[in-house]
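Peer 1: The structure that follows is given in the form of structure tokens.
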Amino acid sequence: LLNGVVTRLVAKEARQVLFDLSGVHFLDTAGLRGLISAQRRLFLAGRSFGLIGVPLVVQNIFSVTGLQDHFVLYETAEEALA
């Protein structure tokens, strides 16, 4: 699912891609791999990538896995687009 979304976004040449994670309460290794893959594909296509509304539980998962500095996190879309 995420792979298909990223493919469509790359095809549309979106300059900045934001994923809203505000409704995510659990993230397993498949989800982490998906986010890392999406970020890499978008970077290689010259796009910026950010996560908005990341719940504390997901931020903790990033921290435990050593990914806390891997993603750019924003509170809101407005903050990301400013």
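The values are calculated or read from the model by the stated rules, or taken from the named source; none is laboratory data. Please read these numbers as outputs of a predicted model, since none were measured by experiment. Using ideal geometry, Cβ is built from the backbone for each residue, glycine included, and neighbour counts are taken over all protein chains shown. The accessibility values were calculated without ligands, DNA or RNA, using every heavy atom of the protein model including side chains. Shrake-Rupley method; radii C 1.70, N 1.55, O 1.52, S 1.80 Å.
Peer 1: Calculate, for the chain, the solvent-accessible area per residue in square angstrom, rolling a 1.4 angstrom probe over the heavy atoms of the protein chains.
Peer 2: Per residue, the chain has 65 Å² of solvent-accessible surface.
Peer 1: Let me ask something else about it. If we sort 47-54, 73-80 on the protection proxy, mean other Cβ atoms within 10 Å, highest first, what's the order?
Peer 2: Highest to lowest by the protection proxy: 47-54, 73-80.
Peer 1: So what is the relative contact order for the chain, in percent, with contacts set as C-alpha pairs under 8 Å and at least six apart?
Peer 2: Computed value for the chain: 34 percent relative contact order.
Peer 1: What is the dipole size for the stretch 12-64, taken about its Cα centre, with +1 at each Lys and Arg Cβ and -1 at each Asp and Glu Cβ, in debye to the nearest 20?
Peer 2: In total the dipole reaches around 260 debye.
Peer 1: Report, by chain and number, residues whose modeled amide H sits under 5 Å from the one on Val17, excluding near sequence neighbours (fewer than 5 apart, same chain).
Peer 2: Long-range HN contacts for Val17: Ser48, Phe49, Gly50.
Peer 1: Taking only the alpha carbons of the chain, what extent do you get along each of the three principal axes, in Å, biggest first?
Peer 2: So the extents along the principal axes, rounded to whole Å, are 32, 29, 21.
Peer 1: Taking Cα atoms, how many degrees apart are the long axis of helix 2-11 and the longest axis of the chain, rounded to 10 and kept between 0 and 90?
Peer 2: Roughly 30 degrees, rounded to the nearest 10.
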